[in-house]
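Asker: Below is a structure I'd like to ask you about.
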Amino acid sequence: MEDFWCRLWHLLLLLCLTGLLQGDLCHGQRQVQIQEGPLYRVQGYPISISCNASGFKGPSSQDFEFMVKKSNVDINMISTEKENFAYAMFSSRVREKDIEIERLSGSSVLLRIKNLLEEDAGELFCHTPNTDGEYSGTYEAGTTLNVIKDTLVASYSGSPSQSLSEGDPLQLECQVSSQTYQHTHLSVTWFVHSEEDENPRPIITLNKDLTVKRGAGFEDRYHTGFISMDKVEDTTYRLKMSQLLQSDQGKFYCKAIEWIQDPDRSWTQIAHKTSSACDVEVKRIVGPDVGSFTVYMRASKGPLLVGDALDIHCSVKAQNLPGHLYSVTWLKNQKNMAQIGSSGMLTVFDSYKERENAAEMRAVKISHTDYLLTIRLATTEDQGQYQCEVWQERMNDDGTFRKIQKQLSSPETVSITAKESDLTVVMVMKDVVTEGDTLQVTCSVSGFKGPLSVSWQHKKDSGYSFSDVISLTHEGVMKDIGTRYQSRHVQTLHSPAGNFTLEIGASTTSDSGEYRCVVSEWTVQSNGKMTKANTQSQQNAISVNSVESLMTVTLKSRTTYVPINSSVELLCTVKGPKVSLGVRWMFRPPNSTVQRNILSIRHTGEISWGADQRNYQLSVQIQPSATVFLLTVPRASKQQEGQYQCQVDAYQKDVQKAMKNSNPLVVTVRKTGEKSEICKRDLYYGQHLNQIQEVIKDTLVASYSGSPSQSLSEGDPLQLECQVSSQTYQHTHLSVTWFVHSEEDENPRPIITLNKELIIKPGDGFEDRYRAGVISLDKVEDTTYRLKISQLQQSDQGKFYCKAIEWIQDPDRSWTQIAHKTSSACNVEVKRIGLEESFEILNICLRRPNHGQNHIV
């Protein structure tokens, strides 16, 4: 009987432990999470901050309260439950709905402030009233909100209006700057707003990542180089339009947006400014020497079969147009195919370049008014509506061409019938791929008779056209690997059954978008040459999700309210793709805003401690669906009471892909005798890691090994070298400064510095000589820093030495000095050149022979 009760007790304990592993608690535990901070937002602009609750009992619709803490005083802001919750400083803004709560779901809300004020800054807390019947978990979460000044400026200082003609160039400049101390990015867009436009039209944008985005309707002119935007120096954004059109008339202005990256790595717009406008008039050119002309187009008469030749004739009939030339463009379905410019130069667009290179297409100027485009081997994809666009142009005095007027031919539809073939293409692919995995797309082909070739193309989510990835010829040769893929593992395979598969190894988020396979069937002509008999294509979209978007980090504990000398276990659970992980444990004492590191584990396995390791134990467990890092405080004291948080870094092949913080978790250590409700348990969670204490040794060296003294004259050059090295394995940066200390100097004077960002900065008093190239600092090889002064001055006399500083970047991205070393000195004496020395130098120059003859120089 005793054995029965023992087995039953073990079974109950096993069930409880199984529940712990699945839910971490014997019962549900509430968690409140607020948007991770610190957040930086600009005064006068709106802000939205998310807050959500989970693991609670009670009704599905929870109430939320927001408070701001200032000088350790909680100031009520707004509540979903209590109408008069707000204190006086917020009550009027809540009534006027300047501050409001938007409910996203029963357990998730957004705090919205439409007009951010300076007094809104502080520690912002989101609180959920208890509906659980008992206290278990966290009921409050906080974040730091910083309100900064609006320093963004966007200004146009040119002429308020310009009157131009069609074909004239336009150049406008906008000055954009921000004095924000935080690291922000800027994006700048040029707009035009005409009387016919309901809304302004974006012309071109330079995004925050310095990529260019074309406005709708301006894409073709951007691709042909007629529209561009350049960033000149630090603050000037220059718009260039080579040839204005009548439709460009309107008010031109620029808009700047300032962006900041929040701790969750998302980019948020924090400010925007619009410049004043320039009213641009574009006059239509009509003169006495300008007559009318008409454009006619004639296509090959059908019925056309695949493999036949397709001719598109363009003819111009004009009167009274002496001295004018024509630029002719062939269009298919309103897309450019090819163009013969006024100078006779041929331009082929997009996918037609390959066909022109293979001599499958050609465009020629037959006469001054007749032009011919020929597609030698037409395919079913050549079906569509064709048109000719002709610009009348005149040559300027500088040899450039100026557009006068344009005419379009009437459209004509061309139909091409496929020969006997039932070629069918079906695309098969996963809709979603995880970053780092192999992206695979298959096109299944059926109904073919002859050899097949395939061309793979890709269009990004933000792209306007497809670009080449890779091709496989009908002979089985891979070629035409796109520029973006030449350094990556890309291949296309062909199975005997006719399936073509594209594989892109180690996919990135930029691989998202639409993929297209273009499959062609080939036949043998009577002359023995291979020709395309039929072509079919399919396309579909795929998304490559980043590791960061799939990774979640949660921090839980079996108990957060423990007696002194009891054990505390904190479980940091990471779910997401299988990648290398590093973790950093952080702790913030009560009533403190400073968070310090307890310990860090790099993804390579190294452990570094920021606290006394005798107070903590660490273990890790790899589960099928998660990785759990367990931090244990064996004997908790009041020193371990406070807020804990874990930060997880994800790496793929030593490249950091994500960094996420868990929710904060408060641990309270109670004195003996205090009441508590504790779910008792003992659980050994995984094997403890070997604890390795790491001490960063000072390995920085700065040495000068040259002559300890030099005696030189004014105007002589000086060259000194300093050897600087460090064996610290962390990612540290070095800065090196050369100093001179004369007897008259109270302190040494810095001459020139190469800082940790590898930027050269001259010292006070040496700026002019640095700009003139007299003083320079060069890094030679890996460890040598060479100072050069091409012409010494009397004021340069003194002791020269170099000082090296080693820096390391903290998790909050601030730089900290960890070591510094100063080299030995070289005493440089600079002798003044007197009058006698000057005459002696002149006499030497006068006596110097030049090819056997004496000349006065």
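Asker: In region 447-497, how many residues are more than 30 Å from I204 (Cβ to Cβ), loosely packed, with under 13 Cβ neighbours inside 10 Å and of a type in the set (G, A, S)?
Answerer: 3
Asker: Right, next: Out of G28, G37, G23, report the one residue that is closer than 27 Å to V666 by Cβ, modelled with pLDDT under 90 and within 33 Å of the chain's Cα centre (by Cα). Show your work before the answer.
Answerer: On the way: G28 fails: within 33 Å of the chain's Cα centre (by Cα); G23 fails: within 33 Å of the chain's Cα centre (by Cα).
None of the others qualify; the one that does is G37.
Asker: Hey, another quick one. Considering (1) in contact (Cβ under 8 Å) with a residue 12 or more places away in the chain; (2) within 21 Å of L305 (Cβ to Cβ); (3) under 40 Å from the mean Cα position of the chain (by Cα), say which one A359 fails and leave the rest.
Answerer: Of (1) in contact (Cβ under 8 Å) with a residue 12 or more places away in the chain; (2) within 21 Å of L305 (Cβ to Cβ); (3) under 40 Å from the mean Cα position of the chain (by Cα), only one is false for A359: (3).
Asker: Residue check, S48 against (1) touching a residue at least 60 places away in the same chain (Cβ under 8 Å); (2) assigned to a strand (DSSP E or B); (3) crowded, with 21+ Cβ neighbours inside 10 Å, all met but one. Which one?
Answerer: Among (1) touching a residue at least 60 places away in the same chain (Cβ under 8 Å); (2) assigned to a strand (DSSP E or B); (3) crowded, with 21+ Cβ neighbours inside 10 Å, S48 violates only (3).
Asker: Of everything in region 179-199, what is touching a residue at least 60 places away in the same chain (Cβ under 8 Å) and farther than 25 Å from W267 by Cβ? Give them in sequence order.
Answerer: V192, H193
Asker: Restricting to region 509-525, give me the number of residues that are outside any strand (DSSP E or B) and open to solvent by less than 30 Å² (accessible area, probe 1.4 Å).
Answerer: 2
Asker: Could you check region 293-347 and list, in sequence order, the residues that are within 18 Å of T379 (Cα to Cα) and of a type in the set (V, I, T)?
Answerer: Of everything in region 293-347, those that are within 18 Å of T379 (Cα to Cα) and of a type in the set (V, I, T) turn out to be V306, I312.
Asker: Moving to a separate point now. Which pairs turn up if I take residues in region 123-150 that are more than 20 Å from E102 (Cβ to Cβ) and look for partners that are part of a loop (DSSP other than H, G, I, E, B) and charged (D, E, K, R) with beta carbon separation below 7 Å, at least 6 apart in sequence or on another chain?
Answerer: Correct list of pairs: T131/K57; D132/K57; G133/K57; E134/E677.
Asker: For region 200-222, how many residues are without any contact (Cβ under 8 Å) to a residue 60 or more places away in the chain, surrounded by fewer than 18 Cβ atoms within 10 Å (Cβ to Cβ) and under 23 Å from I404 (Cβ atoms)?
Answerer: 1
Asker: Right, next: Return yes or no: is K365 basic (K, R), touching a Phe, Trp or Tyr at 6+ places or on another chain (Cβ under 8 Å), farther than 29 Å from S471 by Cβ and modelled with pLDDT of 85 or more?
Answerer: Yes.
Asker: Say whether the condition of being without any contact (Cβ under 8 Å) to a residue 24 or more places away in the chain and among the polar types (S, T, N, Q) is met by at least one residue in region 240-253.
Answerer: Checking region 240-253: not a single residue is without any contact (Cβ under 8 Å) to a residue 24 or more places away in the chain and among the polar types (S, T, N, Q).
Asker: Next question, about the same structure. Looking at region 422-444, I want the residues that are surrounded by 13 or more Cβ atoms within 10 Å (Cβ to Cβ) and assigned to a strand (DSSP E or B) and have a partner that is modelled with pLDDT of 90 or more and among the acidic types (D, E) with Cβ atoms under 8 Å, at least 6 apart or on another chain. Which pairs are those?
Answerer: L439/E503; Q440/E503
Asker: For residues in region 498-550 being modelled with pLDDT of 90 or more and of a type in the set (D, E), which is farthest from V432 (Cα to Cα)?
Answerer: E503
Asker: Within region 381-402, track down each residue that is in contact (Cβ under 8 Å) with a residue 60 or more places away in the chain, more than 13 Å from I312 (Cα to Cα) and either open to solvent by 80 Å² or more (accessible area, probe 1.4 Å) or among the hydrophobic types (A, V, I, L, M, F, W, C) (or both). Quick ask: steps written out before the conclusion?
Answerer: Taking region 381-402 as the starting set, the residues that turn out to be in contact (Cβ under 8 Å) with a residue 60 or more places away in the chain are 381-382, 386-395, 401-402.
With more than 13 Å from I312 (Cα to Cα) added as a condition, the list becomes 381, 390-395, 401-402.
Across region 381-402, the qualifying residues are V390, W391, R394, M395, F401.
Asker: If Y222 satisfies every condition in (1) more than 16 Å from V153 (Cα to Cα); (2) in a strand (DSSP E or B); (3) not basic (K, R) but one, which is the exception?
Answerer: If we test Y222 against (1) more than 16 Å from V153 (Cα to Cα); (2) in a strand (DSSP E or B); (3) not basic (K, R), just (2) comes out false.
Asker: Quick test for you: out of A338, A378, pick the one residue that is open to solvent by less than 30 Å² (accessible area, probe 1.4 Å), touching a Gly at 6+ places or on another chain (Cβ under 9 Å) and under 24 Å from S471 (Cα atoms). Steps first, please.
Answerer: Values: A338 fails: touching a Gly at 6+ places or on another chain (Cβ under 9 Å).
It is A378.
Asker: Which members of region 286-315 meet the condition of being modelled with pLDDT under 85, under 30 Å from W522 (Cβ atoms), open to solvent by 30 Å² or more (accessible area, probe 1.4 Å) and hydrophobic (A, V, I, L, M, F, W, C)?
Answerer: L305
Asker: Could you please find all residues in region 572-605 being assigned to a loop (DSSP other than H, G, I, E, B) and within 22 Å of M551 (Cα to Cα)? First the steps, then the outcome.
Answerer: Taking region 572-605 and keeping what is assigned to a loop (DSSP other than H, G, I, E, B), we get 576-579, 589-595, 602-605.
Selection gives G576, P577, K578, V579, R602, H603, T604, G605.
Asker: Another question, if that's okay. Any chance you could count how many residues in region 609-634 are under 19 Å from N597 (Cα atoms) and loosely packed, with under 13 Cβ neighbours inside 10 Å?
Answerer: Qualifying residue count for the region: 2.
Asker: If you don't mind, another one. Please state which of the following conditions H474 fails to meet, knowing it meets all the rest: (1) part of a loop (DSSP other than H, G, I, E, B); (2) out of contact with any Gly (no Cβ under 9 Å at 6 or more places or on another chain); (3) without any contact (Cβ under 8 Å) to a residue 60 or more places away in the chain.
Answerer: (2)
Asker: Could you check, for region 228-251, whether at least one of its residues is modelled with pLDDT of 90 or more and among the aromatic types (F, W, Y)?
Answerer: Yes: region 228-251 contains one or more residues that are modelled with pLDDT of 90 or more and among the aromatic types (F, W, Y).
The values are calculated or read from the model by the stated rules, or taken from the named source; none is laboratory data. The model shown is predicted, which means the values in this text are computed figures rather than measured ones. Reconstructed Cβ throughout: ideal geometry from the backbone, glycine too, with neighbour counts over all protein chains shown. Protein only, heavy atoms only, side chains kept; ligands, DNA and RNA dropped before computing areas. Shrake-Rupley method; radii C 1.70, N 1.55, O 1.52, S 1.80 Å.
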